[in-house]
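S.K.: Got a structure for you, written out below as structure tokens; questions coming shortly.
The values are calculated or read from the model by the stated rules, or taken from the named source; none is laboratory data. This structure is a prediction, so every number in the text was calculated from the model and none was measured. Note that each Cβ is placed from the backbone with ideal geometry, even for glycine, and that neighbours are counted across all protein chains shown.
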Amino acid sequence: MDNNNYKSYFLKSVVVALSISVLLAVYLFRLGEVGDTEIQLLVTSLTIDIYSITGLCSSTVHSRNGLKIFSRIGMLISVLGFLVTILSIWVFNYETDLRYIIIVFFIISLTISHISLLLQISPVTNNIKYLLIVTFIFISIVGSMLIKLTLTEFKGSDLFLRLLGVFIILVVLGTIVTLILNWIAQKKE
């Protein structure tokens, strides 16, 4: 499948999924009663929204040289995360240890999505390029730390949690500073 067909198919699938999600949510809010099935439908709707967004973010770099595989991995993780979550909601009724797998898929999807969006920046200077690379490293560290925390059933030492907090702040700072410095550098040119 060529690049345009691939992107077109994925985008159409996301639009259909989001439309179904919106219709489900509107239908449920119009009913007025919320029971187990309605909660499952709302969580399904939220799942569709989350993984559609992460998949779309990953697809933004699909046409860029050298990033096709990264993009496809991001989209695949989003699809797998969606499927595992839906299985947990409808087949296993939240009663299995799939919740850890769901959280790990969610973390990986968000990590890849964040990096994909930052890859939209075309660094104007080498310093901004290096800042972007360091921010990618911090994003990966936070993702890895969150996965470790999840797999240890959210038991982390005080030092580990403090380091996680520091790296989260560095991710936010790196993301914002990279965007602002690149914007300023573009204005100077």
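S.K.: Exactly one of these conditions fails for residue 82: (1) part of a helix (DSSP H, G or I); (2) among the hydrophobic types (A, V, I, L, M, F, W, C); (3) more than 20 Å from residue 13 (Cβ to Cβ). Give me its number.
M.R.: Only one criterion in (1) part of a helix (DSSP H, G or I); (2) among the hydrophobic types (A, V, I, L, M, F, W, C); (3) more than 20 Å from residue 13 (Cβ to Cβ) is unmet by residue 82, namely (3).
S.K.: Does residue 154 satisfy the condition of being at pLDDT below 95, in contact with a Lys or Arg (Cβ under 9 Å, 6 or more places away or on another chain) and not assigned by TED's automatic domain parsing to the domain that holds residue 37? Spell out the reasoning first.
M.R.: Values: at pLDDT below 95: yes; in contact with a Lys or Arg (Cβ under 9 Å, 6 or more places away or on another chain): no; not assigned by TED's automatic domain parsing to the domain that holds residue 37: yes.
It is false that residue 154 is at pLDDT below 95, in contact with a Lys or Arg (Cβ under 9 Å, 6 or more places away or on another chain) and not assigned by TED's automatic domain parsing to the domain that holds residue 37.
S.K.: Please work out which residue is farthest from residue 181 (Cα to Cα), limiting yourself to region 108-123 and to residues that are within 11 Å of the chain's Cα centre (by Cα) and polar (S, T, N, Q).
M.R.: Residues of region 108-123 that are within 11 Å of the chain's Cα centre (by Cα), as a first pass: 108-117.
Still in the running and polar (S, T, N, Q): 109, 111, 113, 116.
Details: 109: 27, 111: 22, 113: 21, 116: 19 Å.
Top of the filtered list is 109.
S.K.: Regarding region 90-100, can at least one residue be identified that is surrounded by 19 or more Cβ atoms within 10 Å (Cβ to Cβ), within 25 Å of residue 55 (Cβ to Cβ), touching a residue at least 24 places away in the same chain (Cβ under 8 Å) and within 19 Å of the chain's Cα centre (by Cα)?
M.R.: At the first step, the residues of region 90-100 found to be surrounded by 19 or more Cβ atoms within 10 Å (Cβ to Cβ) are none.
No, region 90-100 has no match at all.
S.K.: I'd like to check something: does region 60-68 contain any residue that is over 12 Å from the mean Cα position of the chain (by Cα) and farther than 20 Å from residue 9 by Cβ? Break it down stepwise before answering.
M.R.: Pass one, region 60-68, residues over 12 Å from the mean Cα position of the chain (by Cα): 60-68.
In the following step, the residues that additionally are farther than 20 Å from residue 9 by Cβ were identified as 65-66.
Yes, region 60-68 contains at least one residue that is over 12 Å from the mean Cα position of the chain (by Cα) and farther than 20 Å from residue 9 by Cβ.
S.K.: Take the conditions over 14 Å from the mean Cα position of the chain (by Cα), in a helix (DSSP H, G or I), at pLDDT 95 or above and of a type in the set (Phe, Trp, Tyr) and apply them to residue 105. Does it pass?
M.R.: Values: over 14 Å from the mean Cα position of the chain (by Cα): no; in a helix (DSSP H, G or I): yes; at pLDDT 95 or above: yes; of a type in the set (Phe, Trp, Tyr): yes.
No: the conditions fail for residue 105.
S.K.: Under 20 Å from residue 102 (Cα atoms), surrounded by 16 or more Cβ atoms within 10 Å (Cβ to Cβ) and at pLDDT below 85 - does that describe any residue in region 19-29? Walk me through how you get there before you give the answer.
M.R.: Of the residues in region 19-29, the ones under 20 Å from residue 102 (Cα atoms) are 21.
From what's left, surrounded by 16 or more Cβ atoms within 10 Å (Cβ to Cβ): 21.
With at pLDDT below 85 added as a condition, the list becomes 21.
Yes: region 19-29 contains one or more residues that are under 20 Å from residue 102 (Cα atoms), surrounded by 16 or more Cβ atoms within 10 Å (Cβ to Cβ) and at pLDDT below 85.
S.K.: In addition: Examine region 121-144 for a residue that is on the phi > 0 side of the Ramachandran plot and outside any helix (DSSP H, G or I), and state whether such a residue exists. Steps first, answer last, please.
M.R.: At the first step, the residues of region 121-144 found to be on the phi > 0 side of the Ramachandran plot are none.
Within region 121-144 (the criterion being on the phi > 0 side of the Ramachandran plot and outside any helix (DSSP H, G or I)), the answer is no, since none of the residues qualifies.
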